[in-house]
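The values are calculated or read from the model by the stated rules, or taken from the named source; none is laboratory data. Note that the structure is a prediction, hence the values are computed from the model and not measured. Methodologically, a virtual Cβ is constructed for each residue, glycine included, from the backbone with ideal geometry; neighbour enumeration extends over all protein chains shown.
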Amino acid sequence: MGSRATKHEGPRPARPRVEQAPVRLVVAERAARAARRGHPWVFRDALRPASRELPDSAGLPSGTVVELHDERGRFVARALYDADTPIGARLFTLAPDEPLDDALLVQRLARAFAHRDGLFADDLTDAYRLCHGEGDRLPGLVLDRYAELAVLRLDGGLWRPHTDRLRHLLVPLLRARGIEHLVLRAPGERQVLTHREPPDTLEVREHGVRFEVDVARGQKTGAFLDQRENRARVRALARGLGRVCNLFSYTGGFSLAAALGGAGEVVSVDVAGPAHEAARRAFALNDLDPGRHAFVTADAFAWLEAARARGERFDLVVCDPPSFAPSERAVPKALAAYRRLHAAALGVLAPGGTLCAASCSSHVRLEDFLGTLDDAVLPGRGLSVREVWGQPADHPTLAAWPEGRYLKFVVLA
Ligand code: SAH
């Protein structure tokens, strides 16, 4: 067996390897059933050691290969253990004879990359998600492409001992696609995994629209790639419109889409002033005069109230706030905040106008989100739900994993 660290082994650093003989853990019955239906996680409270002699799972280091068995001793899955998060094991395979080794990782990466090669064959988009963790059956592994640079984000602790191995597997696959730089981004940390110093900002294209991405400091891995198709939708909806308002505009993705679609004036509202500078540069990059549009640094709630009182009205309002619900417990408060926000947004919507309301919180289910847009919130307007969108195809999910379907984008008119 490999180097299984227990609580009693002292400070010797644990170095689990992907090919080591797996540690066996028992999964509670309900979790075993969910896993067999394709759920990619087992929470730690559903895990226990297979026998008394074996170490308590709490003593296992993150990244240990574990073999999960049900209470009757039957194989369930092979997984990587995570000591850092409440998700104790992230599952890689339900096939008893499939080892969790380099061949499996390379095969999954190659499949994920081939899927994107098909999606972006028109060469108009070079900023997209190359690997979407669980949805690409590589739990916890997120890889975003920004032109010649890729940003790797590893959730939890399961990949920590395998970073070097991943680098060896990834670099040749990326090079074959003309991606020269690989950067690992974790909260408060940035590590260059390739040889040359990469640029901090890059110019990328999305459906032919040019914008600048700050991969060193930007939100997420640099940009909100998951809204790409919804931005394209806003571009189409804005055709021939007069005024558009984009709330929580960040670097102006939806604003740019609306202006390129033909809206006469776009008002972008965000509390973060520096984000507007990036938005203005993006307008200029696409031959639009940012001077013809407004970029307001303000709290969206307060601004909506004042704008309504001034009698400002918009033909299209886009509302894409940050996640209001960081946890399941925060959901009721989040729903109340969405209701207030949507009611306030309605206050500036012109008669016959369109409202696009988004939520990126995985804890807020679509039905509950639609409840924050019902007739009680939008009184007397008779708005109906015209379209419901979610994540694009480069952010795939699993049928048995509702937690993965986090993005909601609802068009009402
Ligand atoms: N819609 C954006 C992403 C939004 S990210 C896009 O498509 O790229 C969330 C943004 O909300 C951040 O830029 C943050 O500065 C802003 N923000 C957070 N709270 C806010 C508030 N109360 N009022 C206005 N902006 C806010």
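Just to check your reading of the model, which residue among A275, A279 is buried (at least 22 other Cβ atoms within 10 Å of the Cβ), assigned by TED's automatic domain parsing to the domain that holds A232, within 12 Å of the ligand (Cβ to nearest atom) and not basic (K, R)?
Details: A275 fails: buried (at least 22 other Cβ atoms within 10 Å of the Cβ).
When all the criteria are applied, what remains is A279.
So that you can scan it fast, the table gives a plain yes or no per residue for (1) surrounded by 16 or more Cβ atoms within 10 Å (Cβ to Cβ); (2) of a type in the set (A, V, I, L, M); (3) under 30 Å from R129 (Cα atoms); (4) assigned by TED's automatic domain parsing to the domain that holds E134:
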position: D320; (1), (2), (3), (4): yes, no, yes, no
position: A325; (1), (2), (3), (4): yes, yes, yes, no
position: A334; (1), (2), (3), (4): yes, yes, yes, no
position: A350; (1), (2), (3), (4): no, yes, no, no
position: Q391; (1), (2), (3), (4): yes, no, yes, no
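Residues are listed down the side, and each one gets a yes or a no for (1) of a type in the set (S, T, Y); (2) under 20 Å from V411 (Cβ atoms); (3) within 16 Å of the ligand (Cβ to nearest atom):
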| residue | (1), (2), (3) |
| --- | --- |
| A307 | no, no, yes |
| G311 | no, no, no |
| L373 | no, yes, no |
| R381 | no, yes, no |
Which of the residues belonging to the stretch 139-169 are farther than 18 Å from Q107 by Cα and aromatic (F, W, Y)? Y146
Give the number of residues within the stretch 109-144 that are surrounded by 14 or more Cβ atoms within 10 Å (Cβ to Cβ) and out of contact with any strand residue (DSSP E or B) (no Cβ under 8 Å at 6 or more places or on another chain). 3
Out of the stretch 249-272, which residues are β-branched (V, I, T) and near the ligand (Cβ under 9 Å from one of its atoms)? T251, V269, V271
Search the stretch 285-306 for residues that are free of Cβ contacts under 8 Å to residues at least 24 places away in the same chain and pair each with any residue that is away from the ligand (no atom under 15 Å from the Cβ) when their beta-carbon atoms are under 9 Å apart and the residues are at least 6 apart or on different chains. P290/A284; A306/E312
Only unsatisfied item for C131, checking (1) modelled with pLDDT under 95; (2) assigned to a strand (DSSP E or B), is (1)
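Counting only residues that are within 19 Å of A350 (Cβ to Cβ), give me the strands (runs of 3 or more DSSP E) lying completely in the stretch 183-277 with at least 3 of them. Before the answer, list the steps.
Working: elements: 189-192, 201-206, 209-214, 243-247, 265-270.
So the answer is 243-247, 265-270.
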Please work out which residue is nearest to the chain's Cα centre (by Cα), limiting yourself to the stretch 227-248 and to residues that are surrounded by 22 or more Cβ atoms within 10 Å (Cβ to Cβ) and either within 11 Å of the ligand (Cβ to nearest atom) or under 20 Å from P322 (Cβ atoms) (or both). Q227
Close pairs from the stretch 318-338: first at pLDDT below 95, partner away from the ligand (no atom under 16 Å from the Cβ) and in a helix (DSSP H, G or I), Cβ under 7 Å, at least 6 apart: A325/V331
Please work out which one of (1) in contact with an Asp or Glu (Cβ under 8 Å, 6 or more places away or on another chain); (2) more than 13 Å from the ligand (Cβ to nearest atom) is the condition N286 fails and give its number. (1)
Does S362 qualify as being of a type outside the set (A, V, I, L, M, F, W, C), within 16 Å of the ligand (Cβ to nearest atom) and touching a residue at least 24 places away in the same chain (Cβ under 8 Å)? yes
Kindly indicate whether T221 is surrounded by 21 or more Cβ atoms within 10 Å (Cβ to Cβ), of a type outside the set (D, E) and more than 10 Å from the ligand (Cβ to nearest atom). yes
Exactly one of G88, G2 is within 23 Å of H162 (Cα to Cα), surrounded by 15 or more Cβ atoms within 10 Å (Cβ to Cβ) and at pLDDT below 95, and that residue is G2
Could we say that E148 is under 21 Å from the mean Cα position of the chain (by Cα) and acidic (D, E) here? yes
